[in-house]
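Asker: Okay, here's the structure, questions in a sec.
Since every read-out is calculated from the coordinates, none of them should be taken as a lab result. Since the model is a prediction, treat every value here as computed from it, not as a measurement. Positions of Cβ are backbone-derived with ideal geometry, glycine not excepted, and every protein chain shown enters the neighbour counts.
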Amino acid sequence: MTRIAIILGSTRPNRNGEPVARWALEVASQRQDAEFELVDLRDFPLPHLDEAMPPSFGQYQNDHTRRWAEKIASFDGFVIVTPEYNHSTSGVLKNAIDYLFAEWNTKAIGFISYGAHGGVRAVEHLRVMAGELMMADVRAQVVLPFATEFENYSTFKPGDYNLPVFTQMLDQVIAWSEALAPLREKQATA
């Protein structure tokens with residue numbers, strides 16, 4: 001069965017991303033065509049990148065890196081839930097992505113973004129990073145502006161009109177994850 005991680009890309013206290021990620025997991029888990037797991041960056045406290053060798057070498061020296069690499073390697077694709085900070089993604093998410101290389105390769109990735117303008121600028125940066133990591137980023141994206149999807153800009157209350165695009169995004173992530181499986185198998189035997 002195709003395994004998809006829903007990565008919660010914020011670790012701030014009172015983060016808006018937690019209810020968004022839990023909503024995404026609840027909706028996604030109703031599907032029968034993939035398994036979904038919430039991966040909370042709070043559970044993987046990574047210091048600023050502290051490996052001696054570049055991640056592309058795959059020579060991880062630190063236990064926290066090996067633990068993170070093992071978790072990410074176990075998935076076929078990803079949905080990242082990202083806030084938008086200063087027209088980009090969170091530093092903690094960028095750092096977590098930068099820790100690894102091969103574990104991201106030939107996997108699909110989709111995005112759920114939130115913020116004052118729905119987080120779209122954060123996703124633009126993440127798409128550029130995904131390309132460098134040899135990931136297939138899908139077109140459909142869930143955009144959650146504070147003004148319409150959060151009561152008093154803090155309590156997540158998504159409209160049902162978000163469900164069709166979320167379904168479309170999951171369809172694309174799963175399809176690409178499955179289509180890229182032969183490349184992952186080839187890499188594993190190389």
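Asker: Would you tally the residues in the range 46-91 being over 17 Å from Gly17 (Cα atoms) and either surrounded by 13 or more Cβ atoms within 10 Å (Cβ to Cβ) or not hydrophobic (A, V, I, L, M, F, W, C) (or both)?
Answerer: 29
Asker: A follow-up question, please. For the range 56-69, what are the residues that are more than 23 Å from Val173 (Cβ to Cβ) and not acidic (Asp, Glu)? Step through it out loud before you land on a result.
Answerer: Step one: list which residues in the range 56-69 are more than 23 Å from Val173 (Cβ to Cβ), which gives 56-67.
Across the range 56-69, the qualifying residues are Ser56, Phe57, Gly58, Gln59, Tyr60, Gln61, Asn62, His64, Thr65, Arg66, Arg67.
Asker: Consider the range 84-134. How many of its residues are within 17 Å of Leu46 (Cα to Cα) and of a type in the set (Gly, Ala, Ser)?
Answerer: 3
Asker: May I pose another question? For the range 29-42, which positions are surrounded by fewer than 12 Cβ atoms within 10 Å (Cβ to Cβ) and assigned to a helix (DSSP H, G or I)?
Answerer: Answer for the range 29-42, where residues must be surrounded by fewer than 12 Cβ atoms within 10 Å (Cβ to Cβ) and assigned to a helix (DSSP H, G or I): there is none.
Asker: Out of Ala188, Ala179, I need the residue that is among the aliphatic types (A, V, I, L, M), under 16 Å from Trp104 (Cβ atoms), over 15 Å from the mean Cα position of the chain (by Cα) and surrounded by fewer than 19 Cβ atoms within 10 Å (Cβ to Cβ). Which one?
Answerer: Ala188 is the lone residue from the list that is among the aliphatic types (A, V, I, L, M), under 16 Å from Trp104 (Cβ atoms), over 15 Å from the mean Cα position of the chain (by Cα) and surrounded by fewer than 19 Cβ atoms within 10 Å (Cβ to Cβ).
Asker: A follow-up question, please. Cβ-Cβ distance below 6 Å, separation of 6 or more or different chains: which pairs start in the range 149-164 with a residue that is farther than 13 Å from Tyr114 by Cβ and end on one that is surrounded by 10 or more Cβ atoms within 10 Å (Cβ to Cβ) and not hydrophobic (A, V, I, L, M, F, W, C)?
Answerer: Correct list of pairs: Glu151/Lys157.
Asker: Which members of the range 52-93 meet the condition of being among the β-branched types (Val, Ile, Thr) and without any contact (Cβ under 8 Å) to a residue 40 or more places away in the chain?
Answerer: Across the range 52-93, the qualifying residue is only Thr65.
Asker: While we're here: Condition (residue is among the basic types (Lys, Arg), within 19 Å of the chain's Cα centre (by Cα) and assigned to a loop (DSSP other than H, G, I, E, B)) applied to the range 14-28: is it met by at least one residue?
Answerer: Yes; the residues of the range 14-28 include at least one that is among the basic types (Lys, Arg), within 19 Å of the chain's Cα centre (by Cα) and assigned to a loop (DSSP other than H, G, I, E, B).
Asker: For the range 122-166, give me each residue that is surrounded by fewer than 18 Cβ atoms within 10 Å (Cβ to Cβ), farther than 24 Å from Leu100 by Cβ and among the acidic types (Asp, Glu).
Answerer: The answer is Glu151, Asp160.
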